[in-house]
1. Treat each spin label as a single point 7 Å out from the Cα along the C-beta direction, and report the residue 500 to residue 440 distance in nm.
2. Report, by chain and number, residues whose modeled amide H sits under 5 Å from the one on residue 527, excluding near sequence neighbours (fewer than 5 apart, same chain).
3. Filter the cross-link list 5/33; 312/412; 233/312 down to pairs whose alpha-carbon distance in this structure exceeds 23 Å.
4. Quick one: divide the alpha-carbon radius of gyration of region 311-366 by 2.2 N^0.38 Å and tell me what you get.
5. Mind listing the long-range amide H neighbours of residue 540? Cut-off is under 5 Å, sequence gap 5 or more, other chains count too, H placed in the peptide plane at 1.01 Å from N.
6. Taking Cα centroids, how far is region 86-165 from region 248-303 in Å?
7. Rounded to the nearest percent, how much of the accessible area of region 23-86 (1.4 Å probe, protein heavy atoms only) is carbon and sulfur?
8. Would you kindly find the accessible area of residue 448, with a 1.4 Å probe and non-protein molecules such as ligands, DNA and RNA excluded, rounding to the nearest 10 Å²?
Amino acid sequence: TNWAKLSATATLGVIHRGHEKESLSLMQSYLPKDSSGTSSGYAEGGGLYALGLIHANHGGEITEYLLGQVKDAGSEQIKHGGCLGLGLAAMGTHRADVYEQLKFCLYQDDAVTGEAAGLAMGLCELGSKSASAIEDMVAYAQETQHEKILRGLAVGISLVMYGRLEEADPLIESLTRDKDAILRRSGMYTIAMAYCGTGNNSAIRKLLHVAVSDVNDDVRRAAVMGLGFLLFKQPDHCPGVVQLLSESYNPHVRYGAAMALGIACAGTGNKEALGLIEPMKNDPTNYVRQGALIASAMILVQQTEQTCPKVKDFRALYTKVISDKHEDVMAKFGAILAQGIIDAGGRNVTVSLQSRTGHTSMLGVVGMLVFTQYWYWFPLSHFLSLAFQPTAVIGLNSNLDMPVVKFKSSAKPSMFGYPANLEEKKKEDKEKVTTAVLSITNKQKKKEAEKKKDKDGAGEEKMDVDSEKKDDKKEKMEVDEKKDEEKKEDKPEEEKKEPEPLFEMLSNPARVMKAQLKVINLEDGKYRPMKDISIGGIVLLDRAELGAEEEEQIVEPMEVNKGATTSTEEEGDEPSPPEPFQWTED
């Protein structure tokens, strides 16, 4: 559909996330132009949404650009993308002019624009506890006839209360008593946002009560999912809390349990969590299988076969589900997302809702909450990229340059290495199979042969077929003999494999996974780290007295698109376009 065009364009924002200086030039061909009255606006809406993803929580000048685009937008598609982009760029700024513009879009009472505006208002007022904003949003939610707008506002309201703990209780109380199921669901999200990462007992009790008592499936699902947001700082506790819910008769609750495990245990490779998710892989309900696939990928991101042996089975499962043409579409969608999550960022990022030092990551929590809304609106799945965290150790000197240093990882290289690349299956030559001949056709042939009275010709044909069969048998024999010889040759090569080293030297900057940080240290005597290396990320290195006299070596930056320039030189000039012609349908 055309909305797929918006979503596909927005993926560019995920790919270029953080490239803030070049963002406008990168997205130039997709942004709204003044003269374009002809275009439908889907790609342009996606372009504005992508700009928001690139600048998430780092708006600055781009906020002004997006604000102008939302004001001038003609079509609902551009407004939808523009509102999402503006909300992302102005996240947590509490800017009155942005809020008023988004409120104006909401009050147009257009379902598509309103959904994005309601969500964006929450992003702009993130954690502000603004009474006026909540009043506006709740009042409009009770008035509107559009379910889409209600859904956008439900998430928006919860974001306003992000991290406010007990201050959110009066709002939670009134939302959970509302007769409208979508507002009750908003109450569940509000508990998840207000108490995220705290593991607060009374909040967990509220969510568990609603998870088993509410009459609406969506509310129950949201309540169970909220448990994941509360418990992500104690991932070992989550499987115990969710265990009974994962066996519920209600498929929505089972889906919620899978997602709660994915959110709380993201990137940990927790064996108990995977044990609960495993039975859901074969669940009779398609969307429970979808949730299980996505959650398993979030838990297994950056896990290797050494650290978590189940990785291999789950990777094989994703491939099987994607390639199986009899598989349900919903499970397939889950497997495709799972494949992307487990290999996210070229396998150089993990999914995490907390910072390296254990503080709650605002971006991660918001991204994860909005990602769960893909259930209603697929383009929101791009928000998951906000929860991605690069896993690296980058050493910098006093001039913020990268000096040439080595880090020692006291673990086998395979323990934390990249998984092996996928191999393309070579097409095997199929053996010739003799076609089955029915007795009826034989009779028919005999009759025809008798009619023609050409018995000699028929005899010769039979002879030919027999000789072909004999040749085939000979070929098969030769192939089998060759296979046996190859096997014999392979064996000595396998025996010659060298034993794997017990440590690895990594050069600056290095890809270092979370679990690997415990076994990393700086061997170079010329530098002294200014903070504990086991925290990871960017580490400032102070020059020790030993290396003070020597000239400092700096890591040379890599040339991007190096290959592209050389290949064009070899290929020569581009061929000229064909001459104008007229197309006629015959």
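1. It works out to 6.1 nm between the two label points.
2. Result for residue 527 returns 544.
3. Violating the 23 Å limit, Cα to Cα: 233/312.
4. Ratio of Rg to 2.2 N^0.38 Å for region 311-366: 1.44.
5. 396, 530, 531
6. With region 86-165 and region 248-303 each reduced to a Cα centre, they are spaced 30 Å.
7. Using a 1.4 Å probe with all protein chains present, region 23-86 comes out at 47 percent carbon and sulfur.
8. Counting only protein heavy atoms, the figure is 90 Å².
The values are calculated or read from the model by the stated rules, or taken from the named source; none is laboratory data. Computed from a predicted model, the values in this text were never measured in an experiment. We place every Cβ from the backbone using ideal geometry, glycine too, and count neighbours over all the protein chains shown. Side chains are part of the model used for accessible areas, which takes the heavy atoms of the whole protein and leaves out ligands, DNA and RNA. Shrake-Rupley method; radii C 1.70, N 1.55, O 1.52, S 1.80 Å.
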